[in-house]
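Only one structure is covered here, and it is reproduced in the block below.
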Amino acid sequence: DGFTLFTWNGGKGVLTVSRDCPNLQVSGTYRALDFVERAGTVDAVFDEYKRDLGIQPRETRILTGWTSWYRHYEKVTERDVIAAVEGFSAGGYPVDLIQLDDGWQNAVGDWLVVNRKFPGGMKNLAGKISAAGFIPGLWLAPFIAEKRSLLAENHPGWILRDRLGDPVEAGNNPFNWSGLFYALDIENPEVRAYLLEVFRTVIHDWGFRFLKLDFLYAAALGDPAQETRGTRMAQGIELLRKAAGNTPILGCGVPLGLAFGKVEYCRIGSDVALKWEDR
C-alpha cells in the first residue's frame, strides 16, 4: 500500500526512513510505517518476512531459454526466430523457451498491430515454436506507449496526465524506439479493457505461453490523488495477473516488493549489456 523511502546522507551519517504518501487523504487512522527486526540467515529472514505479509510464492520451475534481444535487438525478424527454433532443434540443446522480444509490434503500445517483419503472423510463429517442443514467449510493455504510436495518436485520453494536463513521460529511447514514451492511465476503464483484450489475443488467439512484461514501473508514475504510488503500482500488478491468468509472467523494471507472489519470474536488476564497461 505504499513505497518506503530510504534516504542516506553520507555527510551527516544519517539514514532517513519515510513513507511515500504525500497526497494520500485519509479519514481516521493511517499506519504509515511498521518496523520489524529479524535475525538469522538471509533465507530464514525472508521466509519469515513473506509469511508475515501473507505472500505465497507462485509455483514454477527453472527454465532455460533463448531471447531474441541480445542478438537482434529491435531489428528481429520472423526468419530470425524460426532460425533459432531450427538451430536449437537440430542441435538438441536442452532449451525450454523461445522468447520473441521487442521489435515485432508496430510501435510500443500498438500490441494488436504486427509489423511487416512478421508476414506469417504471430499465431503461425507461436505454433511453429510449440510444434518444435518449445514454450513460445512474447515481450510486451503494457503500461507505456511511444509518442508516435497509434495508441497515443488515436487515444490521447489513455495517456496519464499530470496536474497541469501534460502527458507523464516514462522515459526516452531514441536508440531502439522513436524517442519519448508515456505512461498509460491504468485507472481509465478503456485502458484496462484494452490491456485485457491484448492479453486475451496474445494468449488465446496467438498461443503464446510465456510473457515478458517490461517497463512496469510506469504504473507508479505521476501524482495520484487520494492514494499512494505504491497502491497504484499494486493495482497495476493485479491487473496484469488477472489478464495473464495462469500464463507465467517474467516481470521486468518492476518494484520488487510488489512483485513478490504475483509473478513467476522477475529480473531483479537493471538491464544488462554486452560489455562489462557499460554503465
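What follows draws every value from the coordinates through simple rules; no lab data is involved. Remember, predicted model here, so these are calculated numbers, not experimental data. Quick reminder, even Gly has a Cβ in these numbers, built from the backbone with ideal geometry, and neighbours come from all protein chains shown.
Data table
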item: Three-way shape call for the stretch 87-141 based on the alpha-carbon gyration tensor, with the a/c threshold at 1.5; result: prolate
item: Reachable lysines from Lys75, criterion Cα separation under 29 angstrom, eight or more residues apart if same chain; result: Lys117, Lys123, Lys128, Lys147, Lys212, Lys275
item: The chain: radius of gyration over Cα atoms, expressed as a fraction of 2.2 N^0.38 Å; result: 1.09
item: Choice from Phe215, Phe175, Phe134 showing the highest fluctuation, given a GNM over the chain with Cα pairs closer than 10 Å; result: Phe175
item: Qualifying trypsin sites (Lys or Arg not before Pro) in the stretch 86-191, DSSP loop, other Cβ atoms within 10 Å at most 12; result: Arg116, Arg163
item: For the stretch 146-279: rounded, prolate or oblate by the Cα gyration tensor [a/c cutoff 1.5]; result: rounded
item: Cα gyration tensor, the stretch 60-121 - rounded (a/c under 1.5), prolate or oblate; result: prolate
item: Exposed-loop-free span, longest in the chain, where GluC sites (Glu not before Pro) count as exposed if DSSP calls them loop and at most 10 other C-beta atoms lie within 10 Å; result: 60-276
item: Estimated dipole of the chain in Debye, rounded to 20 [Cβ of Lys and Arg +1, of Asp and Glu -1, Cα centre]; result: 320 debye
item: Furthest towards positive pole of dipole, Tyr217, Leu151, Ile203, structure part the stretch 144-279, Cβ charges; result: Ile203
item: Choice from Asp102, Asp43, Asp166 with maximal GNM fluctuation in the chain (Cα, 10 Å cutoff); result: Asp43
item: Relative contact order, percent, the stretch 147-269 [alpha-carbon distance under 8 Å, six or more residues apart]; result: 20 percent
